[in-house]
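For reference, the structure is listed below as structure tokens.
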Amino acid sequence: MCAEAVDLARAAAEEVAAPGVVGEHEGLVSEGDRVVTHFFGCHELGYRGWRWAVTVARASRAKIVTVDEAVLLPGPDAVLAPEWVPWSDRLRPGDMGPGDLLPTDAEDLRLEPGFSGGEEPPPSSAVSGEMADLVEAEDAEVTEGTPAHLALTPVRGTIAAVAEELGMRRARVLSRYGLHTAADRWEESFGAKTPMAQAAPASCVSCGFLTPIGGSLGQAFGVCANEFSPADGHVVSLAYGCGGHSEAAVMPKPPQPAPPVIDETRVDPFPLRPSPDSGSVPATEDASAAELGHS
């Protein structure tokens, strides 16, 4: 009986839909004992592939089929809006511009606590807790006798060996002029006078994504390690800044919404189309008969 109630289901669909938008019967699905859902095509513009679904049911030992609900549902080939993607997943390197602010999560895996005030090595230290007692240990070459009795000076004691250990054994190094020209280039590209730095909430000197560099240039420059920053992988001035500063804005956790409260003792009708007499201007049979006319 529920499967044969096609006319009843069509009448229910036409009651909630606009005139002329309910199409042909496209099949039915059994939802359970004495519960069937009928599908009708939808001819309304903008809803290609959607279907009117009308669920009918019959009570136990009853001879009358009643309408449960009538809704508009997407079909297998319906045109749907793309799935929502959070902004944090849509953001790509290079999307940030001057004045943009990129909040960082309080539990960002790319950041960790810095100086804690204790005597333990910082978290980014290469020395682990187990090796803390061996920091001052040094491997030495054991030779027989004193250096005065040796024919050759031990290699470890030469100035060249010390220079090589400190990373200074190079044929030539940057001159003062070379250092100044490099600093001018870096300051011009990623310095304090750039539009990005002028609109930044803070400077790189206090950013957790800044990686220090050695040498005399390390007093004024560092390397940016924020993949969303326009300066990622570049040498930046300590006075430079962007909206991706690690401490500029911490993204709070979204509050958990309260569970919905459903009142099952009453029914609230929600028509899909407004009634003709719901506007501020009453409907008239003849537009020319209106007192002042309206559009």
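The values are calculated or read from the model by the stated rules, or taken from the named source; none is laboratory data. Just so it is clear, the model here is predicted, and its values are computed rather than measured. Heads up, the Cβs are rebuilt from the backbone with ideal geometry, glycines too, and the neighbour counts pull from every protein chain shown. Surface accessibility is based on the protein's heavy atoms, side chains included, excluding ligands, DNA and RNA. Shrake-Rupley method; radii C 1.70, N 1.55, O 1.52, S 1.80 Å.
Side notes on the structure shown:
- Compactness of segment 2-74 was expressed as the Cα radius of gyration divided by 2.2 N^0.38 Å, which yields 1.07.
- For residue 246, the residues whose modelled amide H falls within less than 5 Å of its own, excluding neighbours fewer than 5 places apart on the same chain, are 208, 209.
- Modelled spin labels at residue 78 and residue 220, positioned 7 Å past Cα toward Cβ, are 6.3 nm from each other.
- Percent accessible area from carbon and sulfur atoms, segment 184-241, protein chains only, probe 1.4 Å: 55 percent
- Projected label points at residue 192 and residue 179, each 7 Å from Cα along the beta carbon direction, are separated by 2.0 nanometres.
- With K and R counted +1 and D and E -1, the other residues having a Cβ less than 15 Å from that of residue 272 yield a net charge of -3.
- One decimal place: the segment residue 24-residue 270 gains 86.1 nm when fully extended, by the rule 0.36 nm per residue minus the C-alpha distance.
- Sparse-neighbourhood loop sites, trypsin sites (Lys or Arg not before Pro) in segment 31-98 - DSSP loop, at most 10 other Cβ within 10 angstrom: 61, 63
- Inter-centroid distance (Cα atoms) of segment 1-73 relative to segment 179-230, Å: 65 Å
- Qualifying GluC sites (Glu not before Pro) for segment 65-109 [loop in DSSP, other Cβ within 10 Å: at most 10]: 83, 107
- Residues 64, 159 ordered from highest to lowest accessible area at a 1.4 Å probe: 159, 64.
- Here residue 66 and residue 256 are evaluated by their C-beta separation; at R0 = 30 Å the FRET efficiency comes out at 0.20.
- With a cut-off of 12 Å between beta carbons, the residues surrounding residue 66 carry a summed charge of +1, where Lys and Arg count +1 and Asp and Glu -1.
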